[in-house]
Each structure stands twice: as C-alpha cells, then as structure tokens.
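Contents: one structure, followed by commentary.
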Amino acid sequence: MLDRRLIREEPDRVRQALEKRRSDFDLDELIQLEARRRELLAVEELRAKRNELSKQIGATIKAGDDAEALKAEVSEVNRQIEQMESELTEVEALFDQRMLEIPNIPRDEVPIGVDEEDNVVVEEWGEARRFDFEPKPHWELGPQLGILNFEVAAKLAGARFVTDIGAGALMERALINLMLDTHTRKHGYTEVLPPFLANERSLIGTGNLPKFEDDLFKTREGLYLIPTAEVPLTNMHQDEILDGNLLPLCYAAYTACFRSEAGAAGRESRGIIRQHQFHKVELMKFTRPEQADDELEKLVKDAETILELLELPYRRVLLCTGDLGFQPERTYDLEFYFPAMGRWLELSSCSQYGEFQARRCNTRFRPQPEAKPQFVHTMNGSGVACGRTLAAIIEHYQQENGTVVVPEALRPYMGGLSEILPPLP
RNA sequence: GGAGGGGUGGCCGAGUGGUCGAAGGCGGCGGUCUUGAAAACCGCUGUACCGCAAGGUACCGGGGGUUCGAAUCCCUCCCCCUCCGCCA
C-alpha cells in the first residue's frame, strides 16, 4: 500500500510508476475518491457539535432542568451526520479497496522494460557445465533413479505434484537442513517454523490479496494455504511498534508452499519446476529504511552462498519494470541454467518492498525512545527453493551412466552418500 | 464438538450510561538531590486523521444496534484461558 499523501501530493510520480509497469490501474478514480473523502471530513465539525450538545444535555438533566429542546437540536444534527457518514463510509470503503490494488512504485534503478527479456544480468558465478554426452532432464533421470515419482503423486493428489522417494526425499531434507543451518549459524537469522495456513488479513498484509486470490488454495474454513513463508514471516509483527534498536530482525523459515498455478498450463511446467506444492527456505528481514539496501544486498549474498556451497553455477538478474511483481520495489532473481531444457530458471527471488507491506501489516518501529513511530522496511528472498534446486542438482551432477553425484556439501546431511545409483533390478 | 470464564494504553489492572482517552501501579523519558550512581521526590509519557496553530475527530478485540450521549446496555463475529469429549 502506498502513502495516501502520495496520491494527493505527488500524483504524477505515481502515474509515471504505473506507466513504467504498464499497469492499467485507474489513478484518476482514486484521486477523485480521495478528494471527495476529504470534503466529507467536514462531518467532524458536526460530530464536535453533537458532542458539545450532549455534554450540555447531561449538565442540564443533572441540574434538574428540561432538556427536550436540546435533544431535538441534537437529533437534527444527527440527521445531517447520518447523511454525510453514509457517503463517507462508502467513499472510504472504495478508496481503501483501491489502495490495496495499486502496485508498489519501482525504484529508479529498476530497468524499464516489457518482460523478462529486458531483465539485466548483474553478476555471474561459476560456469555452466559442459557435457560430453547428451544431458537428460530431471524428469527422466529422477524416475529412472527411483527418487522422483510422478505416478504416485498423481494417484495421491493429481497433476503438478511429485513424490520424493528414498535418496530423493533424503536429498530434499538435506537441502533444507543445509540451508537452515547455514542461515541460522553463519548468517545470523532466527529460525521460525510457522503455520502453513494463514488468514485473510495476513495475505492482504503481504499483498497476495485481494488481487491474486486465484493463485491461492483456500480451505472450507476460510484459511489459505501459504504460497510462500513470506506470508507468515512478514505478518509476525502485525500491529506492533518495534524497538528500533532490535532492527534489523532477520528470520529464516522452512515451509511447504502451495500455489494453484491457475493459467500456468504448459509453461515451464515439465518435471518439478512448477508444482502445486513445493518446499522452500525463506529469508525475511524487517529493517530501518536506511538499512534496507545494505540488508537486501546481504540477503541476496546469503542466498547465493547456498548455491556456491552446492557448486551450482548461477547468475543474478535485476528484474525490469515489466517483470516486477505487484508488491516489490526491486527484485533480484538467482537463476540456474538447466542444461536439458536449455533455459535459465530462477532458484531464488529476492525482493525489497520499502514500506509497501509494512503499511498493510501496520508494522512500525520507534527510531528513538520518544520519537514518532515509522514504518519498517521489509524484504525477503528464497534461500533457496528446494524442489528446483533438487532438479538443478540432478541435472548438473548427472553422469553419463545415469547416476547423480551428491554435492560435497550435502554428503554430511545424507549419511555420507556420495552418489545416487539406480535401484537394483 | 460441549460447558464455563475472559479480551481495556508498552505491560499489569480499575472502570456497568455523561465531565472517561480512560484511576492506580510497573516500565520509559526529563528534572531535583548526589563527587557519581542508587534511593526518594516532582513532572511528562498511546495511535491515526484534519489543521500553520489553537484545537477538533476517531479508536477500550472486529462489525452492527439502542440512546441526546456507549469502554459501560443489546446482537453478531473473532481470539485467548479452564474443564469435558475426540485426536497426531
């Protein structure tokens, strides 16, 4: 959510941001609503009058005098108040709704562009492996090795699910443990294991609602399956005023993530790339505004560390305005080149939001003991996605004979296993 | 799921129709005293919106209602606690 003063005082800045994003948001409607809302604030004077008269009535009755004339006067004032309030309520409701639908303002350094073609590669680490044989995709290798099973998942749940079995399940658990251990012990994050379901308020807090309800699974009871740990983590301090000295607060959480993937059919959808359920270790920070840029840089590096430990080559990409999500003001993706697919896919997405989410969650901090509270800045990033990383490992570490070498860093977490072999016949 | 008890300011806790944005305590900030500190004493100390300001409006879990007037009465929803049932 943006500051409503921005709508009033710097509408051109907002308009430019919307244009950069190629957003079809109706800013003029919002500006008109805000203007009308301010006109209707005159109702406050009438309320003041009512309060004053009511006090007089109390005093009059106490003195034993007749207050009927005063009561009649207040009734007349109340009629006027009622009229104005009904319109004010309407205008405010629509205004608040629209405010939840306006996207964040991209930062100046975000390249202007249309789609992912216009994203900018800012860093590369390692080199893509050169194969002296035809590399196989993970959706062939995984089933051959008996570690990924799509048929079982289809029986249990349906399309777009996978069942990890044996060394596959072990490796995914190893990835989770490697990531959590690294982030908590070496990078200073506090581990959190939150609920995997969240209420409406929390999904509004992160910006998944009201606009993106179709992407979510919803339970009969009205709860939503979390699409990312960002949701519970970002909402941990709803309605709180944090001690400025405690910032930055850094959290790391493993969770399953659930996405309906409505309308995603056919795209990047082979294997375990795009699933209804996947697993992820998420990094999330609450910072002071002036800390935000440095902390984001550290957060991205923390995610990169995982890929470096796994010796997976990657590149860092700065998303352009056209590819930027609704909520972030800036996003870096970490991408791995999947050799069999011949394309780069993100293993991590790290975003900063400025005050955008903090306003929605009402999470503030007090810079000094006596100072006014102000909104924190939030940011988060996958550190990193487990399923896609598992796929990357399978493809990157495959051998010509169909086995997969286990990255050194994972072996301690896998009972010393160094290579995944096919099941015995 | 059944029965009962609760949700008040950073925290604890009074308040059952008017002068209550809310006693008192704790915590915090400032001051007096002190070589310094502690103790004691004095003062200040919620948030948002409108306003240059004075000031005004709203908020006592959320929403709605009764009333000239609601923290206080009524309805409804949510959350927490205790006991019973069920259960990993």
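The values are calculated or read from the model by the stated rules, or taken from the named source; none is laboratory data. All of these numbers come straight from a predicted model, not from anything done at the bench. Heads up, the Cβs are rebuilt from the backbone with ideal geometry, glycines too, and the neighbour counts pull from every protein chain shown. Note: areas computed on protein heavy atoms with side chains; ligands, DNA, RNA excluded. Shrake-Rupley method; radii C 1.70, N 1.55, O 1.52, S 1.80 Å.
Observations on the model:
Each row is one residue, and each column tells you yes or no for (1) in contact with a helix residue (DSSP H, G or I) (Cβ under 6 Å, 6 or more places away or on another chain); (2) not in a helix (DSSP H, G or I).
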site	(1), (2)
A:Arg50	yes, no
A:Asp65	no, yes
A:Met84	yes, no
A:Ile105	yes, yes
A:Phe131	no, yes
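Here is a yes/no grid of residues against (1) at pLDDT below 90; (2) surrounded by 17 or more Cβ atoms within 10 Å (Cβ to Cβ); (3) closer than 25 Å to A:Ala157 by Cβ:
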site: A:Asn208; (1), (2), (3): no, yes, yes
site: A:Leu216; (1), (2), (3): no, yes, yes
site: A:Thr219; (1), (2), (3): yes, no, yes
site: A:Leu223; (1), (2), (3): yes, yes, yes
site: A:Pro232; (1), (2), (3): no, yes, yes
site: A:Asn235; (1), (2), (3): no, yes, no
site: A:Asp243; (1), (2), (3): yes, no, no
site: A:Leu246; (1), (2), (3): yes, no, no
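- Residue match in the stretch A:346-354 (condition: of a type in the set (Gly, Ala, Ser), within 16 Å of RNA strand B (Cβ to nearest atom), open to solvent by 10 Å² or more (accessible area, probe 1.4 Å) and not in a helix (DSSP H, G or I)): no
- Of all residues in the stretch A:36-67, those that are within 9 Å of RNA strand B (Cβ to nearest atom) and farther than 30 Å from A:Glu10 by Cβ total 18.
- Residue identified as modelled with pLDDT of 95 or more, in the same structural domain as A:His183 (by TED's automatic domain parsing) and open to solvent by 40 Å² or more (accessible area, probe 1.4 Å) among A:Tyr397, A:Tyr413: A:Tyr413
- Summed over the stretch A:146-163, residues that are part of a helix (DSSP H, G or I) and of a type in the set (Lys, Arg) total 1.
- Just one of the listed residues (A:Leu18, A:Leu70, A:Leu33) is in a helix (DSSP H, G or I), within 9 Å of RNA strand B (Cβ to nearest atom), in contact with a Leu (Cβ under 7 Å, 6 or more places away or on another chain) and not assigned by TED's automatic domain parsing to the domain that holds A:Asn362, namely A:Leu70.
- Residue selection: A:Gly168 satisfies the criterion of being in contact (Cβ under 8 Å) with a residue 12 or more places away in the chain and either open to solvent by 40 Å² or more (accessible area, probe 1.4 Å) or over 30 Å from A:Arg360 (Cα atoms) (or both).
- Residues that are within 14 Å of the chain's Cα centre (by Cα) and either part of a strand (DSSP E or B) or under 16 Å from A:His279 (Cβ atoms) (or both), drawn from the stretch A:206-250: A:Leu225, A:Ile226, A:Pro227, A:Thr228, A:Ala229, A:Glu230, A:Val231, A:Pro232, A:Leu233
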